[in-house]
Amino acid sequence: MDVLAYGSRMVRWAPLGKLLYTFSLLILALLSENIFVPMITFCVGMCLMAYSTNFRLPPIIGLAILEAILIMVIGCGMVSILGNPSEPAVFLKGKGEFLWIGIHITENSFNNAWLIMFRAIAGVTLMLSFASSTPIPHIAYALRQLRIPKEVIDIVVLVYRYAFLLLERTEVMWNAAKCRLGFSGARRSMSTTAGILVNVFITSLEIAERSQPALESRNYNGSFPIYRMPNKIGLYWFAITAAACASLYIIGYYISTPNMAAILLGAV
């Protein structure tokens, strides 16, 4: 992610300004009951990602996004079919059950499912646009500007730096166990997974013991240096954020929310 962030067109933007902008839009999208607001927020996040990286994401990030979308679809599908039984169904009337779950799709449940879906995907795109354009030293710099305790910042930075080593070790052990038929049965899979988790815990302790002398020998004083400082937050960031939030609030307040059940299901 740092390699991706350092190559971003937005890397020199003020990290605190980007944080203010993305979190303000995200909070507004979560609070608004008008589906237009998270829709527009999603489009803003997509535009920022396109400008930042041209959607050149690592395959592991793309896989994580697809998994997140799959979870969103499943969760919103459950919200859609679990409507209030006292309200009339608008789709699949009297179709019984699915996996022991009664299907009752109402207008409110269908509309709420779409609202939750766009809220979730808007949050993913906004946070990815921030993460893919802000290296971890810039994030630590922004947190220091917010007067976050130094100890908390150190923990965040070190966890981020060394989590990838644990992921790499876990992948190596997982592939080794798979090549040795360690997942050939349910019982053996549980035993193999438990063994991998234990080894990952032991490996984390070994990495911590080796990393501490390495950091001290490199004069680590609790913060990673930034050789090219990003721009500082200015009044224009507050103006841009206020204008964007005001525009979204006006859209959400004065424009009626579309009835997704009427549009997609023909419900009246």
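Data for the structure
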quantity	calculated
Single unsatisfied condition, residue 133 versus (1) open to solvent by less than 20 Å² (accessible area, probe 1.4 Å); (2) more than 23 Å from residue 51 (Cα to Cα); (3) not in a helix (DSSP H, G or I)	(2)
Among (1) outside any loop (DSSP other than H, G, I, E, B); (2) open to solvent by 40 Å² or more (accessible area, probe 1.4 Å) - the single one residue 13 does not satisfy	(1)
Contacts under 6 angstrom Cβ, first residue in region 28-41 being touching a residue at least 12 places away in the same chain (Cβ under 8 Å), partner among the polar types (S, T, N, Q), 6 or more apart	29/41; 34/257; 35/257
Identity of the residue in region 32-91, surrounded by 15 or more Cβ atoms within 10 Å (Cβ to Cβ) and assigned to a loop (DSSP other than H, G, I, E, B), that ends up modelled with the lowest pLDDT	57
Number of positions in region 19-34 that are out of contact with any Leu (no Cβ under 9 Å at 6 or more places or on another chain) and under 12 Å from residue 131 (Cβ atoms)	0
Answer residue from region 55-94, given it is within 18 Å of the chain's Cα centre (by Cα) and of a type outside the set (A, V, I, L, M, F, W, C) and is nearest to residue 244 (Cα to Cα) among those	56
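The values are calculated or read from the model by the stated rules, or taken from the named source; none is laboratory data. In this text the structure is predicted, and so the values were computed from the model without any measurement. Every residue, glycine among them, receives a Cβ derived from its backbone with ideal geometry; neighbour counts consider all protein chains shown. Just the protein is used for accessible areas: all its heavy atoms, side chains included, with ligands, DNA and RNA removed. Shrake-Rupley method; radii C 1.70, N 1.55, O 1.52, S 1.80 Å.
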